[in-house]
Amino acid sequence: MPMKLCLFIDGLDEYDGLEVDIARLFKEIVLSPHVKVCISSRPHIPFEDAFSTRPRLRLQDLTHKDLDIYIEDRLVHDEMMVSLAAREPKQCQKLVREIADEAQGVFLWVVLVVRALINGLSKHDGASELQLRLKALPKDLDQLYELMILKVDDIYKEEASRLFQLVDKATEEPGDWRPAELLSVYTLYLANKQSINLTHELKQSRATEQEVLQSCKSLDIALKARCGGLLEIQYGKLKTAAPQPMMKVAYLHRTVRDFILTGANWEALLKGAGGGPTRDTFNPNVAILKSMILQIKDCECSTAHGLIDHSFTFIHRIDNDKSVPIAEFEELVDTFSSVAGAARYVDLSADHKTLTQVEHLMHLLQKHGRNPNEPLNGVSAWQGALSYVASNYEAAPVSELLPWGLVIKGFLENGADPDAHCKGPGGKWCSASEVIAKAFQDVRSSSPANSYYLERLRAQAVRYEDSKTKLLKAQACSPGVLPALGTTQTSGGKKKRQQLWSVFGKLKDNLFDKDSNMTRNSSLRGISNKLASGEMKRI
């Protein structure tokens, strides 16, 4: 039985070779009774000649009514246009007809032309000047995009370059930790600031709601003035005149991104980043991560969750970017861990995805030899985590306490000081041992939450071959949070470990019931006891 094909080909005019060749190919293909083809193209002569005898539809015949509605809504009813039409009615009517006629059914072209004409009206253009503007605008979209970018003043080109690069980085790249997402208005505003000094910015007070909204308005103006309107804020279904912080920023249309990323155009934009008045070097991934760190510091935990999640994409990219100095990357990781790895991670650690990210953060810290005890603005990430546990454990359910233990464990295994002190409720200072002892004293192995925690430990053992011995050995003594304390390597050595075990050994009877499932798991206990006594070598 012969195979039958139906092909849909969009944009035949975008073929890189000779148009007459591709037209001839499809003209011959459709001679087969087993093949049907539907082709779209701009009305170029080779295609008009090749398919003149074939059925056709003209887009402008189908969309003319919709274009008229758009032009009337956006241009004819504009206050400035209404005023001009009262003075020059015939010329304005002629202008409106010409817009729809010259669009050739391309809706996006009409959108851009209407914007250009409204811009002219804001400069008090008359009907004749608007007519000249319309005639000067190219009918081809690529040429129109180029004109819109060329119109940007030279002093704005550096900022325009930054904005286009930042928005472009909000797309997935090979090897990403997770697919990148469109940047929010406020994220883009902060990332667009020149030479962000994190040390200085983190010391500033939290921005007020009014200040954030004003920042969003400033970005909206910058997108229109610096980028020719080719980047825009996505309002979606929100009926508001003012841009909001969490709205997304994207290209006006996918064809804009295709045009921008064309070799010569992209190279010209990159030159603009270092060729403006400041001549600053610019790394969009670094700028975006700094922006997210500043937001994590100030925002509520529910919002911080998404920001932390998104940040790992850019941490990965920077880690793999050899152009970023090691010292700069280490400083970024330190700052991120201090801001995000303290209260934010502990608070969100009940989520499986966030637990994975905590482990990844600890891996990054360890890989680059960073110290979780190093203070940022007087408080280390380790102290921040302890303070959060100390201030919130009494109101937290057991199911939430146990995952917090994984965070504490991660810090300790990465060299956190077990003798560190932190501020607890009411500003009272307390030791790490005291915080952990109080926070986890009511955890019992018979609870469903403890079973969940044991499964998490087992999963960790599978993921990290190097951790198998530590985990199993610690379970032999006291499962749960305590394993981390037995394996912590600190400057104090044996004495500190003995002090910790003396504190936590007293909790052993409270932590685990004799009749628990964990106790009955003789095989696990047997392996653990042998490991603890040194009879078995490391797995």
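The figures follow:
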{"item": "Calculated FRET value between E374 and W429, using beta carbons and R₀ = 22 Å, to 0.05", "result": "0.70"}
{"item": "Cα gyration tensor, the range 183-287 - rounded (a/c under 1.5), prolate or oblate", "result": "oblate"}
{"item": "The range 157-324: Lys pairs at Cα distance under 16 angstrom, eight or more positions apart or on different chains", "result": "14"}
{"item": "Part-to-part distance (alpha-carbon centres) for the range 78-148 and the range 234-267, which is given in Å", "result": "22"}
{"item": "Exposure proxy order (Cβ contacts within 10 Å, fewest to most) of Y235, Y388", "result": "Y235, Y388"}
{"item": "Prolate/oblate/rounded call for the range 38-164, Cα gyration tensor, a/c under 1.5 rounded", "result": "oblate"}
{"item": "Efficiency of FRET from Cβ geometry, L182 and I118, R₀ 22 Å, rounded to 0.05", "result": "0.25"}
{"item": "Relative contact order [Cα under 8 Å, 6+ residues apart], the range 94-147, whole percent", "result": "36"}
{"item": "Neighbour-count ranking [beta-carbon atoms within 10 angstrom, fewest first] of T63, T335, T255", "result": "T255, T63, T335"}
{"item": "Cα shape, the range 150-201, gyration tensor, a/c 1.5 rule", "result": "oblate"}
{"item": "R0 of 45 Å, Cβ-Cβ distance E72-E173: FRET efficiency to nearest 0.05", "result": "0.60"}
{"item": "For the range 59-137: relative contact order, % (alpha-carbon pairs under 8 angstrom, 6 or more apart)", "result": "37"}
{"item": "Cleavage-rule hits (chymotrypsin sites (Phe, Trp or Tyr not before Pro)) in the range 111-210: DSSP loop, at most 13 neighbouring Cβ within 10 angstrom", "result": "none"}
{"item": "E232, E79 arranged by Cβ crowding within 10 Å, fewest neighbours leading", "result": "E79, E232"}
{"item": "Relative contact order of the range 42-201, pairs being alpha-carbon contacts under 8 Å that are 6 or more residues apart, as %", "result": "16"}
{"item": "Segment D140-R97, length gained on full extension (0.36 nm per residue, minus Cα span)", "result": "13.6 nm"}
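Where a number appears in this text, it was derived from the coordinates with a stated rule and is not lab data. Keep in mind it's a predicted model, so treat the numbers as computed, not measured. Positions of Cβ are generated from backbone atoms using ideal geometry, with glycine treated the same way; all protein chains shown enter the neighbour counts.
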